[in-house]
Amino acid sequence: MNDLDDLAQSVVGRARAGEGMEVYVTRGTDTEVRAYDGEVESLTSADSSGVGIRVLVGGPGGAGSQVGFAWSGSLDPDVIAATLDDARDNARFATPDPHVVLAEPDGVPAAQLDLWDDGVAATPMEKKVALALDLERATRAADPRVRQVSSADYSDSRVEVALASTTGISSFRRRTNAFLSVDAIAGDGADTQTGSGFSIGRAPGDLVPDEAMDDAVARATRMLGAQKAQSAHCTVVFDPRVVSTLLGVVASALSGEAVVKGRSLFAGRIGESVAVGGVTLVDDPTDSRAYGAASHDGEGLACRRNVLISEGVLRMFVFDTVSARRAGTASTGSAVRGGFAGTPSAGCRALVLAPGARGHDEIVAAVGDGLYVQSITGVHSGVNPVSGDFSVGAEGLKIEGGVLSQPVREVTVASTLQRMLQSVVEIGGDLRWLPGVAAGQTLAIADMALSGD
Amino acid sequence: MPGRCAGRGGVSGHDDYDTAVTDAALIDRDVLERVLSTALEGGGDMAEVFAEDAVSASAMLDDRRVEELSSGRSRGAGIRVVDGETTGFAHTADLSETGLAAAARAAASVARQGGARVRTVALGPLSAHGRGERTPPDSVDKARKLELLTRADEAARAAGDAITQVQVGCGDSRRRVLIANSEGLLAQDDQIRTRFNVACVANGDTGMQTGYESLARTEGFEIFERNRVEDIAQRAAARALVKLSARPAPSGEVPVVLAGGSGGILFHEACGHGLEADHIVKDASVYTGRVGELVASPLVTLVDDGTLLGEWGNFAVDDEGCPPARNVLIENGVLTDYMWDWLRARKEGRKSSGNGRRQSYQHLPMVRMTNTYLLAGTEDPDEIIAQTPSGVYVKKLGGGQVNTATGDFVFGTTEAYLIEGGRITEPLRDANLIGNGPEVLRRIDAVATDFDVTPGTCGKDGQSVPVGCGQATLRITGVTLGGTA
């Protein structure tokens, strides 16, 4: 037990008879360094903490069960007391609902994950500053066509979370993260193009500045001379970073909560073929290589490996405790929450498509003619996980004769998520662990509508 | 007591917490002066304390149930020290003088170039700004707020049997800010915001479709005296229902008519972000160095205006203590100015335009839009449609995104129709439109009189702030629509 655990338990101890209570307390330290033009543009260093409290009244799990929530960005005892009062008062106004319960320990052991690296705290600030400055300088020098580096950032965080409840939940987890990222602007005459790159790890020592720099410079410079393309239907090869984003959208449709509320394109399709046979999609937060790796979920249950789509067949959805109860099943250890100010909901943390055998170059060669998309825009405005409608802005390079050729910009690629899953041509073996809820690899999808001139 | 206000109001103990957002100063003047002096002990050009006390409440009705009421409180201060080109920043939830001084020293630790010297800071008079009568959210009974949710749910479901799911959310916030800097500035604001939104799912033979509508104002609960939640719900439901019979949107370049108040996101993305001085001074905008040039059709006069009372991007002072202004950015197609915060204005030896904003005390301010709108034109909106032989009519836009360096931007439709023979015909499924800012702005050939402003949330560099977007019905002669047909 540490002090954060003790605090969570002590607040839970204030639950009244018959009341359910869950207390989430967190504490963290963040550092952020931004370099620009050889100088430190800004440096932020700060500690923060917060508490989120759910109170259940009216007989938790019974016909009169009601829940209320309150949060505060402080662990001050008086503030916690006021937050508890707020949550308790809020509970009185919820519609009574027998599905409203807190998670109970389910006996699934938590994976032993080492997501904490003392290197974040041990690395002197000067070294963190140097990482950002060096990355900025190196990116400017990497290619004569790089005419600006709009930002080069180093950031890290240390986060500890303790969760306790009147139902016997008691979990503690902690993690560190370190990032390097850079945005390069390449120019050639009046032509301007941009590219970004990053490197992630648990501590500064894991970061590979050249990886961030090379990616940013290559992405910006190879787009120089880009033009619109003719509208056409073609095969699109998506970059691993784009695929990670796309899987994040698919993830929201695999949420059991979206399913039980009739807001998922996958609702009612368990056991059906929703994708081509080569598609196996797994959410596995117990793999410590995943960015979203976690020992415990947002309700303190052990995270576990869930196979969502197996060889094209939809097998299951991810559930938190309440959505599982609504669906007549058990939590899959998939509660996610947006920090202390958020309440649990069902979601994926670490999606991975079962990788294929070949890499980017071989897939491009096999596709022969089509479009390679290195980045997309407008995901939040153009991809709808309810209807499945899919339309995003895209930039990349034409694929001609099995190799990348002319750069293309200001086009859109469109389809529906349903059709895209059934049109997967090949899944790359070039798996990359990326920030977000999904890993990424090269992915080729046939019959996308390319809209340009 | 740590984490507590040392203000004259003597706020202490949770019983008083709800009244913390009253007239008591968040931090006393003499404390501010000492903390600012501490921040500059080791040198530096400017120090600033941004204190914030925010309370928020939200409620969600989903699947016919009020699922959860949520209340939140956040209170703290962000301190920055600017020394040359470098900004040091630290924040704390501890508003005691000890906590503030510790944050000041942390922020100053990067300002180490200058030699130690004593510098006293004297703050000027507090700039206070009048506000209209507002009904503070915490004075409204929770049950009254919930009744609005139920009424909206019923109205949406009554719109059609095909409506299978309704989600209604409402939220309000009160954010009191106090800003003091070593130049003597002392300002405060008390911002009350209220929002209401409805999301519907309609289910038909062709699958599911969604519809969304929202109301959001920098006002209190009184917004519901002038706006019926049933109307908001019906608009969201109608949007989902009409799309059940929608055909796939066309692909390729098409003339587009945007309805008045359809979202205004076009200008926010096509040029708004590109006119933010932080992008300009880094030469990371397609509009850098183009003041005085024709960058848009002569029909385009674009304004960013934080003074528009009650709009979602309205405030009495920005998050650097500067009052908002009505800033003309493009006049009759000619680029006239950019938007500025303190830091970027200083670089150019000018004043901030009142566009320095931040998400919370835990964030550094940067250049942000407020309410950005195109001035209305002279044409009849129906005439514009009638004079469009073929194209797409966009009744409602969703979000968008822009690459400021290239000017390429996208924005999504959430309600759109084909225009055939000058008439609005079939509904279209959702799609993104893509274009290049300067190119699309030149292609605006008609602007109508039916001006309206709509609320939105703008994300930039990881920070979200409320903004307004406005425009009248207008036509773009050609923009690429990302459909499948």
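Taken together, the values in this text are just the output of simple stated rules run on the coordinates, not laboratory data. Because the structure is a prediction, the values reported are computed rather than measured. Note that each Cβ is placed from the backbone with ideal geometry, even for glycine, and that neighbours are counted across all protein chains shown.
Side notes on the structure shown:
- Here the range A:226-453 is treated as a Stokes sphere of Kirkwood radius computed over C-alpha pairs; at 25 °C and 0.890 mPa s its diffusion coefficient rounds to 137 µm²/s.
- As a ratio to 2.2 N^0.38 Å, the alpha-carbon radius of gyration computed for the protein assembly as shown takes the value 0.91.
- Spatially proximal aspartates and glutamates relative to residue B:142 (Cα-Cα < 13 Å; intrachain offsets below 8 disregarded): A:86, A:89, B:68, B:172
- Bridging of residue A:228 to aspartates and glutamates at a Cα separation below 16 Å is possible for A:191, A:395, A:400, A:410, A:453, B:253, B:408, B:439, once same-chain residues fewer than 8 apart are set aside.
- Bridge orientation summary for the protein assembly as shown: considering DSSP beta bridges with both residues in this region, about 90 percent are antiparallel.
- Total charge dipole magnitude, the range B:14-243, about the Cα centre, Cβ charges on Lys, Arg, Asp, Glu only, Debye to nearest 20: 420
- Mean shadow area of chain A, taken as a quarter of the surface of its Cα convex hull (nm²): 22.5
- For the range A:78-185, projected area of the alpha-carbon convex hull averaged over all directions, nm²: 12.8
- Looking at the range B:251-482, the pairs of alpha carbons with a distance over 22 Å make up 48% of the total.
- Farthest towards the positive end of the charge dipole of the range B:263-336, among the residues B:303, B:335, B:313, is the Cα of B:335, using unit charges on the Cβ of Lys, Arg, Asp and Glu.
- Dividing the summed -39500 (n - 2.57) terms of all DSSP H runs of n ≥ 4 by the residue count of chain B sets its mean residue ellipticity at 222 nm at -5000 deg cm²/dmol.
- The range B:353-432: radius of gyration and largest Cα-Cα distance (Dmax), Å: 17.8, 54
- Residue (of B:388, B:427, B:216) at the positive-pole extreme of chain B, dipole from beta-carbon charges: B:216
- Karplus-derived 3J(HN,Hα), 6.51/-1.76/1.60, for each residue of the range B:331-338, Hz, glycine and proline x: 10, 6, x, 9, 5, 10, 6, 9
- Relative to one another, the C-alpha centroids of the range A:175-242 and the range B:466-485 are positioned 28 Å apart.
- Taking Cα centre as origin and charging only the Cβ of basic (Lys, Arg, +1) and acidic (Asp, Glu, -1) residues, the dipole magnitude of the range B:426-485 rounds to 140 debye.
- Computed across the range A:3-221, the Kirkwood hydrodynamic radius from all distinct Cα-Cα pairs reaches 20.3 Å.
- Which listed pairs, of A:261/B:243; A:398/B:243; A:261/B:460; A:261/B:395, have C-alpha distances above 30 Å, in listed order: A:398/B:243; A:261/B:460
- Taken as Cα centroids, the range B:62-76 and the range A:381-453 sit 37 Å apart, rounded to the nearest whole angstrom.
- Placing unit charges on the Cβ atoms of the charged side chains and taking the dipole of the range A:3-221 about its Cα centre, the candidate lying farthest along the positive direction among A:12, A:221, A:184 is A:12.
- In percent, rounded to a whole number, the relative contact order of chain B is 15, using alpha-carbon pairs under 8 Å and six or more apart.
- For the range B:251-482, a crude dipole built from +1 on the beta carbon of Lys and Arg and -1 on the beta carbon of Asp and Glu, taken about the Cα centre, is about 580 debye to the nearest 20.
- For residue B:347, the lysines whose Cα falls under 18 Å of its own Cα, not counting residues fewer than eight places away in the same chain, are B:282.
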